[in-house]
Amino acid sequence: MEDKMIEILKKQVELLDNIQTVAELSDWKEKTRIFICRIYKEDSTQYKQFSRISAFPPIYTPGTQPDILGAVREARNLLNGFVEDIETFGLPNSQSTTKDKTRTIVPSINIENNPVFTQSQTQYQTQSQNIEDIIRDEIPPSKMREIEEILKTEEPEKTKLEKVGDILQKVGIGVTSSVLARIITSSIGIF
């Protein structure tokens, strides 16, 4: 199984040579994400590193140009690192635990003659998500490409906002609410 995964990753690295556009990078990334997800858990450092690959900086303006070569270089280095990791240590055990600390909530209720309700909570967090990761995780890739294309145009900001709003309405209130909820909870340190 290890040999097969290494072979697949090496093939995905070779495919990087053909990437010329942001759309091609997005398509490659979506196909490769399937393999990465089979190797590493979605909450793993490796999966998160892969998810952050982008031709655009976390915050960009309409004049920002995509750095496709930089994204391809980052993807190549990361996948080659995954290959070395698997060759050296083998495939990660699906039952293994990650070194990231996770949030733990332990409710405790004490009922006596005079009920007193108490709750204790312990929280450890070593992970952080940036807004771009959250948005890319929730919004379908095809819709993200549409949004990116709108942001690259020379139209007035108000027109761009209206068009992006239309796309978000098409995606649905559930997805849009989920994105906003994750951004809010991430920004105040809950997740």
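The values are calculated or read from the model by the stated rules, or taken from the named source; none is laboratory data. Small disclaimer: the values here were computed from a predicted structure and weren't measured. All Cβ positions, glycine included, derive from the backbone under ideal geometry; neighbour counts span all protein chains shown. SASA here: full protein model, heavy atoms, side chains in, ligands and nucleic acids out. Shrake-Rupley method; radii C 1.70, N 1.55, O 1.52, S 1.80 Å.
Only protein heavy atoms count here; on that basis, with a 1.4 Å probe, Leu15 has an accessible area of about 60 Å². Karplus-based coupling profile of region 75-81, in residue order and whole Hz: 5, 4, 4, 5, 5, 5, x, with θ = phi - 60° in 6.51 cos²θ - 1.76 cosθ + 1.60 and x standing for Gly or Pro. Taking label points 7 Å from Cα along the Cα-to-Cβ direction, Glu87 and Glu2 give a separation of 1.2 nm. The slack between Leu161 and Thr45, meaning 0.36 nm per residue of separation minus the straight C-alpha distance, is 38.4 nm.
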